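The values are calculated or read from the model by the stated rules, or taken from the named source; none is laboratory data. Small disclaimer: the values here were computed from a predicted structure and weren't measured. Here the Cβ positions follow ideal geometry from the backbone for every residue, glycine too, while neighbour counts run over all protein chains shown.
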C-alpha cells in the first residue's frame, strides 16, 4: 500500500474522495433553529393603521423534524428542534398567537398515503409540543399537505421536501 501511495495521482484521488465524503456528511445534517431565530421568523410585523392581522402577510418558516421511517413517531434527533420551537411558542412575543403546523412529504408513494402520513406527522408535532413542552393546545393547529407542495418540485425525492412548515394563523 505504501508504494501505491507514493504515486502522486493516487494520493490526489484519495484526498479528493475523502473531501467529497466529508462534504456530503456535513450537508446531510439539518441545522437546528434556536428559539430566537424562530421568534424572529414567526413574530408578526408591526401593522400599519387600519390593517388587521388577518390581512397582513403571514410569517412562516420551515424546520426539519425527522420521523422514524414510514411512521409518525418522532426521531430522537428532532427533540432539540422541538424544544427550541416550544421555547419560541412560550415566549411572550409569540404566546398570544395561533400557529398552523403543516406536515409535508416527498414525492415518493401514493397521494393518499402521503396525505395521511403528513397529517399524522403534523399531529405528532402538535401533540409533543402541547403534552411534553407545555405549549397551549389552543395555540396550535395541524394540517397535512402530503406531496402537494414540494419545496423542490423538480426533485420529488429530495429529502428537503420532507419538512414541517409553521405559519401564523391569527391572534388568540
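Here residue 140 fulfils each of the conditions (1) surrounded by 19 or more Cβ atoms within 10 Å (Cβ to Cβ); (2) more than 11 Å from residue 99 (Cα to Cα) apart from (2). Scanning the stretch 31-61 for residues that are touching a strand residue (DSSP E or B) at 6+ places or on another chain (Cβ under 7 Å), loosely packed, with under 15 Cβ neighbours inside 10 Å and at pLDDT 90 or above yields a single hit, 60. Report whether or not residue 146 is in contact with a strand residue (DSSP E or B) (Cβ under 6 Å, 6 or more places away or on another chain) and either at negative phi or crowded, with 18+ Cβ neighbours inside 10 Å (or both). Taking the combined requirement at face value, the residue does not satisfy it.
Determine, yes or no, whether residue 113 is buried (at least 16 other Cβ atoms within 10 Å of the Cβ), closer than 22 Å to residue 75 by Cβ and either in contact with a strand residue (DSSP E or B) (Cβ under 9 Å, 6 or more places away or on another chain) or modelled with pLDDT under 95 (or both). Spell out the reasoning first.
Working: buried (at least 16 other Cβ atoms within 10 Å of the Cβ): no; closer than 22 Å to residue 75 by Cβ: yes; either in contact with a strand residue (DSSP E or B) (Cβ under 9 Å, 6 or more places away or on another chain) or modelled with pLDDT under 95 (or both): yes.
Here the answer is no, as residue 113 does not meet what is asked.
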